[in-house]
């Protein structure tokens, strides 16, 4: 398990010290798998580039979080259309409570200032929390957001930049599943930079 240096920016995560795992992807933990067309490990962090109008994700097979705090930092694209909503840009966030590639939850933000939780259940998407206004989302080009899920048993609290958005009750796998990152792309393609992740 690769531990790396702390992120340089001040963190808004619920916990900020003594992570059990953190990664800046400069020497990415092997649990993320190999780089491909949708995921690149760069000097600046993990770059997720989903297919046009599609989605991409990576979970870390070396980690589980039956009870834990998973916090990621993402950096908005440097150029954004108007409006910068889910249809035009996509969404980005955390992947959690996943048992396999057809069964997992996502907690995401969009750059029109909304947040939502969805579940892929046997390959069928289900809305858990509909997109709701989240003033804590930083929508400017190049701005950084910290997206966080804190799990305990079958409950999960969703935070954006330290502000709680909602808490849900769900159906996690027995071991809590592996944490990960998730992104969607707009019709012209979107690349999302994730420079830091941490599990507490």
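The values are calculated or read from the model by the stated rules, or taken from the named source; none is laboratory data. Predicted model only: the values in this text are computed from it and were never measured. Glycine also receives a Cβ, built like all others from the backbone with ideal geometry; neighbour counts cover every protein chain displayed.
Which members of the range 163-176 meet the condition of being farther than 20 Å from residue 31 by Cβ and surrounded by fewer than 22 Cβ atoms within 10 Å (Cβ to Cβ)?
Within the range 163-176, 163, 164, 166, 167, 168, 169, 170, 171 meet the criteria.
Name the residues in the range 177-200 that are surrounded by fewer than 22 Cβ atoms within 10 Å (Cβ to Cβ) and at positive phi, would you?
Of everything in the range 177-200, just one residue is surrounded by fewer than 22 Cβ atoms within 10 Å (Cβ to Cβ) and at positive phi, namely 189.
Find the residue count for the range 138-186, including only residues that are within 18 Å of residue 111 (Cβ to Cβ) and at pLDDT 95 or above.
Within the range 138-186, residues that are within 18 Å of residue 111 (Cβ to Cβ) and at pLDDT 95 or above number 22.
Please tell me if residue 17 is at pLDDT below 95 and over 17 Å from the mean Cα position of the chain (by Cα).
Yes.
Here's a check for you: in the range 39-62, which residue that is outside any strand (DSSP E or B) and more than 15 Å from the chain's Cα centre (by Cα) is surrounded by the fewest Cβ atoms within 10 Å (Cβ to Cβ)?
Checking each candidate, the answer is 43.
Looking for whichever is surrounded by 14 or more Cβ atoms within 10 Å (Cβ to Cβ), within 13 Å of residue 75 (Cα to Cα) and in contact (Cβ under 8 Å) with a residue 12 or more places away in the chain here; the options are 144, 134, 115. Which one fits?
Of 144, 134, 115, the one residue that is surrounded by 14 or more Cβ atoms within 10 Å (Cβ to Cβ), within 13 Å of residue 75 (Cα to Cα) and in contact (Cβ under 8 Å) with a residue 12 or more places away in the chain is 144.
If you go through the range 89-103 one residue at a time, how many are surrounded by 19 or more Cβ atoms within 10 Å (Cβ to Cβ), on the phi < 0 side of the Ramachandran plot and more than 12 Å from the chain's Cα centre (by Cα)?
2
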